[in-house]
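The values are calculated or read from the model by the stated rules, or taken from the named source; none is laboratory data. Note that the coordinates shown come from a computational prediction; the quantities given were computed from them, not determined experimentally. Please note: Cβ atoms are built from the backbone with ideal geometry, for glycine as well, and neighbour counts cover all protein chains shown.
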Amino acid sequence: APAAETQAIGEDVAAIRDLILAKLKYSVGKSVTAASPHDWFVATALSVRDKVVESWLSSIESSKRTGRKRVYYLSLEFLIGRLLIDALTNMEMIDETRAALAELGVDLETLREVEDDAALGNGGLGRLAACFMESMATLSIAAYGYGIRYDHGLFRQRIKNGRQLEYPEDWLSFGNPWEFQRPEIVCPIGFGGHIDTETRPDGELRQVWHPGETVEALAYDTPIPGWRGAHINTLRLWSARAVDPLRLDQFNSGDHIGALMDRVRAESISKVLYPGDTTPAGQELRLRQEFFFASASLQDLVRRHISLYGDVRTLADKAAIQLNDTHPAIAIAELMHILVDLHDIPWDEAWAITQATFSYTNHTLLPEALETWPVPLMERLLPRHMQIIYLINALHLAKVSGEPDATGHRLAALSLIDESHGRRVRMGHLAFLGSHKVNGVSQLHSDLMKTTVFHDLESIAPGKITNKTNGITFRRWLKEANPALTSLLMEVVGDNLLDNAMVLEKVAALADDSSFQERYAAIRRANKMTLARLVQQRIGVKLNPDALFDVHIKRIHEYKRQVLNILEAVAIYEEIRAQPFRDWIPRVKIFAGKAAASYTTAKLIIQLANDVGKVINSDPALRGLLKVVFLPNYNVSLAERIIPAADLSEQISTAGMEASGTGNMKFALNGALTIGTLDGANVEIMEHVGSPNIFIFGLTADEVEAKRSQGINGQDAIARSPKLSEALESIASGVFSPDEPHRYRGLVDALTYHDFFLVTADFDAYYNAQRAVFRRWRDKPAWWRSAILNTAHMGWFSSDRTIAEYAEEIWNVPVTPPGRK
Ligand code: 26Q
């Protein structure tokens, strides 16, 4: 580098060092000699935060000045993970900060590890919201994320005797240096009570809701920097607080516990994230959470709109509200309440504003996962909103009942109220009707939406359903997770890789270049060494970094078919024992993931993986040729470690059931080859990386449907496959659970007689696909060629592309790509 540049960097480093020292002393209140790694973490976070805030305030100012349309992303989940490396990366301060800390004798990597993950989400849906926040800032969209500031995020998982145990997560116990409490921003949230009818001065009637209970929503803001720090958005999370923190009268009369009761009830709303990922919890507290944050967010954004533009009727011109699944869908009724009851807007005009403002993303087709709420619960908790929903429904059904094909059956399918098992409000229908666009998250999923759950609604609103295939932010999932690979790629494509991911295509030209292959492979090798160290530390299993790392990490669910993968491990285990000296490929199966605490079968699958690993890892006859490990407490930070070290990515859900998947994209970008079904975004990954560079197997979504209609008994498939029947037999007979031989009897019986997820039907195809993986692995130049082509063709899966599509086709807001401002 030229001398002047070196000197400038030297000055930057000195300035950063002095700032960190000042933060340590005056904000943390510690001396250099007394400071712990956590103290240094806070001091460093606060110093990068100063730079972030600088740019944040000008972003807010400029959005105001230019009168730009704002995007509001409403989500019950934001699975952000750690922020230190992310903030340093996007503010382009990481090298200087590392150097500044080194001068102080502090290692940035150590500080990275002491930060608690912000785990305010369950899995894919929550992580998508986090990637979208980053990409919206990167593209200079004036966006706000709205959610709940849970005191406790997703539970911590421990494995004891192979079983999952759940412990409370406590991410705020050391404070949170990234957030700003906004004590002046407080929204009253009502529940229950009654409704009065009043006559307005103009003679029209008005409904006035008098809630029986009020809770306060308190705002906490976290700045979200985009790439190169050019634009910074706000994540506003609401915390619940009682209006009266303490009933002094009660306290003084000696009832100390009773005096705190109201407070506990109010504050329980933001206490804890619901840990279900696909099955609605159906609890009153969950509905209170949904309304609490939807109402606070709507009050806040309407107040902002009126203070800027003076008239709520122009809302749709200046605000786009995206619903992340149906969890915030009650916001549609809340906006109608605000417009009609509080601002005297005529119903039809209010409905037009609502539809023009809202849009809705669906993330699942599983019928049991579609959110519905019992009418009696809604009437008790939200009486006015229930009235509004009835009115929306009456007008909607009146419109369609005039049509020639309006049979009772069709009207029942179109109704907002499901009358089939008790009366329940269909939140998906409410979200659909109240939105101008509805989208799925992969092409296959969006197509299936039109033929399954939204078939009838689509027929009365053709064109409302569109597709927006998911994406991932390359800043976190390439640069921060795999810096060495990122540097290598930048040598080839230039340093605008993170500005425009499509330049990755240039890497394809080097797929057969042996010296490039060697450098690419050496980076993978180093990442595998790092992961092997972590595995040794955490679970005491030693891994061979030259083995094929075969990775299956995601929530544990029957439809994701971790069992299929375990069965293949068991089958190979028995083959190696039978023929120990064939030319086996050394392989490590890595599992990680959490099961919903109430999902018994998923928890049993975790135990099976652990039990199988215990037997296999300690069998000397295998000579280390096969290892099976289950890494506890899967979270964003662990994913950042595992993915860059993976050779093979398991994406093997029953076709038609995984809406998209996003882990699949993270692996392929980092050069793992995928073994997968034609499900979710796997289909589009295949189209981009090329079918020779991915291992696709199994029934298609259409074939799954056809097969299920003929029955889901697994006996025939098992009878046809000796390997499968042997594997099932050894699991059922207790080979892996000698302390309790019948532990897996029920699981094996279910696969045999009631195999809804078609594990048995797909077993042979999966087994054969794994053998094709082995053949490719033996041909190292062919393997690395495929890996490099995966990386080269994954640019399209950047969440910058996804967000640009939402901006253009749903939100109608302009985007400014980074790099050219
Ligand atoms: C609903 C009601 C009550 C309690 C919990 C829930 C609940 C919570 C979380 C229901 C569903 C979820 C999460 C769903 C989810 O993560 N879906 C995933 O979304 C990803 C992003 O689009 C997709 O890639 C995955 O395919 C999809 O499974």
*Among GLN299, GLN322, which is the only one that is in contact (Cβ under 8 Å) with a residue 60 or more places away in the chain, of a type in the set (S, T, N, Q) and away from the ligand (no atom under 16 Å from the Cβ)?*
GLN299
*Tell me, please, whether a residue that is more than 33 Å from the chain's Cα centre (by Cα), small (Gly, Ala, Ser), away from the ligand (no atom under 16 Å from the Cβ) and surrounded by fewer than 18 Cβ atoms within 10 Å (Cβ to Cβ) can be found in segment 207-229.*
yes
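Yes/no per residue for (1) assigned to a loop (DSSP other than H, G, I, E, B); (2) farther than 30 Å from ILE566 by Cβ:
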| position | (1), (2) |
| --- | --- |
| ARG776 | no, no |
| ASP800 | no, yes |
| ILE803 | no, yes |
| ALA807 | no, yes |
| VAL815 | yes, yes |
*Of the residues in segment 316-354, how many are within 21 Å of the chain's Cα centre (by Cα) and among the hydroxyl-bearing types (Ser, Thr, Tyr)?*
1
*Restricting the search to segment 130-160, which residues are charged (D, E, K, R), crowded, with 24+ Cβ neighbours inside 10 Å and more than 21 Å from ASN470 (Cβ to Cβ)?*
ARG149
*asked:* Being in a loop (DSSP other than H, G, I, E, B), under 20 Å from ILE605 (Cα atoms) and modelled with pLDDT of 95 or more is the requirement here; does GLU726 meet it?
replied: no
*Please tell me if ALA296 is in contact with a Cys (Cβ under 8 Å, 6 or more places away or on another chain), among the aliphatic types (A, V, I, L, M) and assigned by TED's automatic domain parsing to the domain that holds ARG384.*
yes
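This table checks each residue for (1) surrounded by fewer than 18 Cβ atoms within 10 Å (Cβ to Cβ); (2) within 26 Å of LEU648 (Cβ to Cβ); (3) assigned by TED's automatic domain parsing to the domain that holds ILE616; (4) within 34 Å of the chain's Cα centre (by Cα).
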{"residue": "VAL704", "(1), (2), (3), (4)": "no, yes, yes, yes"}
{"residue": "SER709", "(1), (2), (3), (4)": "yes, no, yes, yes"}
{"residue": "ALA717", "(1), (2), (3), (4)": "no, yes, yes, no"}
{"residue": "PRO722", "(1), (2), (3), (4)": "yes, yes, yes, no"}
{"residue": "PHE736", "(1), (2), (3), (4)": "no, yes, yes, yes"}
{"residue": "ASP764", "(1), (2), (3), (4)": "yes, yes, yes, yes"}
*Determine the pairs where a residue that is under 25 Å from ARG380 (Cβ atoms), located within segment 182-207, has a partner that is basic (Lys, Arg) and surrounded by 13 or more Cβ atoms within 10 Å (Cβ to Cβ) with Cβ atoms under 6 Å apart, the partner being 6 or more residues away or on another chain.*
ILE195/ARG384; GLU198/ARG206
*Residue by residue through segment 360-372, note down the ones that are touching a helix residue (DSSP H, G or I) at 6+ places or on another chain (Cβ under 6 Å) and either away from the ligand (no atom under 15 Å from the Cβ) or under 19 Å from PHE291 (Cβ atoms) (or both).*
TYR360, LEU370, GLU371
*Name the one entry in SER47, SER58, SER63 that is among the polar types (S, T, N, Q), in contact (Cβ under 8 Å) with a residue 12 or more places away in the chain and in contact with a strand residue (DSSP E or B) (Cβ under 9 Å, 6 or more places away or on another chain).*
SER63
*asked:* Any residue at all in segment 131-145 that's touching a residue at least 24 places away in the same chain (Cβ under 8 Å), out of contact with any strand residue (DSSP E or B) (no Cβ under 6 Å at 6 or more places or on another chain) and of a type in the set (A, V, I, L, M, F, W, C)?
replied: yes
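To keep it simple, each residue is scored yes or no on (1) in contact (Cβ under 8 Å) with a residue 24 or more places away in the chain; (2) under 25 Å from SER660 (Cα atoms).
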| residue | (1), (2) |
| --- | --- |
| PHE757 | yes, yes |
| PHE763 | yes, yes |
| ARG771 | no, no |
| TRP777 | yes, no |
| ALA787 | yes, yes |
| ASN790 | yes, yes |
| PHE797 | yes, yes |
| ASP800 | yes, yes |
| GLU809 | yes, yes |
*Unique residue being of a type outside the set (D, E, K, R) and within 20 Å of the chain's Cα centre (by Cα) when the list is PHE454, PHE474, PHE432*: PHE474
*Residue match in segment 383-404 (condition: away from the ligand (no atom under 16 Å from the Cβ), farther than 20 Å from HIS194 by Cα and among the aromatic types (Phe, Trp, Tyr))*: no
*Kindly indicate which of ALA602, ALA621, ALA639 is in a helix (DSSP H, G or I), within 24 Å of PHE774 (Cα to Cα) and not β-branched (Val, Ile, Thr).*
ALA621
*Could you please let me know if GLU169 is among the charged types (D, E, K, R), in contact with a Lys or Arg (Cβ under 9 Å, 6 or more places away or on another chain) and in a helix (DSSP H, G or I)?*
no
*asked:* If I filter segment 232-287 down to residues being outside any loop (DSSP other than H, G, I, E, B), without any contact (Cβ under 8 Å) to a residue 24 or more places away in the chain and within 16 Å of the ligand (Cβ to nearest atom), which single residue comes out as farthest from the chain's Cα centre (by Cα)?
replied: LEU285
*What helices (runs of 4 or more DSSP H), lying completely within segment 429-546, carry at least 3 residues that are assigned by TED's automatic domain parsing to the domain that holds GLY613, touching a helix residue (DSSP H, G or I) at 6+ places or on another chain (Cβ under 6 Å) and in contact (Cβ under 8 Å) with a residue 60 or more places away in the chain?*
514-539
*If only one of THR314, THR354 is free of Cβ contacts under 8 Å to residues at least 40 places away in the same chain, more than 13 Å from the ligand (Cβ to nearest atom), part of a helix (DSSP H, G or I) and assigned by TED's automatic domain parsing to the domain that holds GLY434, which one is it?*
THR314
*asked:* Of the conditions (1) crowded, with 16+ Cβ neighbours inside 10 Å; (2) assigned to a loop (DSSP other than H, G, I, E, B); (3) more than 32 Å from the chain's Cα centre (by Cα), ALA34 satisfies every one except a single condition; which number is it?
replied: (1)
*asked:* Given the condition away from the ligand (no atom under 16 Å from the Cβ) and part of a loop (DSSP other than H, G, I, E, B), answer yes or no: does some residue in segment 648-668 qualify?
replied: no
*Would you confirm whether any residue within segment 142-158 is out of contact with any helix residue (DSSP H, G or I) (no Cβ under 6 Å at 6 or more places or on another chain), part of a strand (DSSP E or B), farther than 19 Å from ILE269 by Cα and among the hydroxyl-bearing types (Ser, Thr, Tyr)?*
yes
_Of all residues in segment 110-129 being surrounded by 23 or more Cβ atoms within 10 Å (Cβ to Cβ), in a helix (DSSP H, G or I) and in contact (Cβ under 8 Å) with a residue 60 or more places away in the chain, the one that is farthest from the ligand (Cβ to nearest atom)_ = LEU111
*Going by the conditions given, is LEU79 within 21 Å of the chain's Cα centre (by Cα) and either assigned by TED's automatic domain parsing to the domain that holds ALA119 or assigned to a loop (DSSP other than H, G, I, E, B) (or both)?*
yes
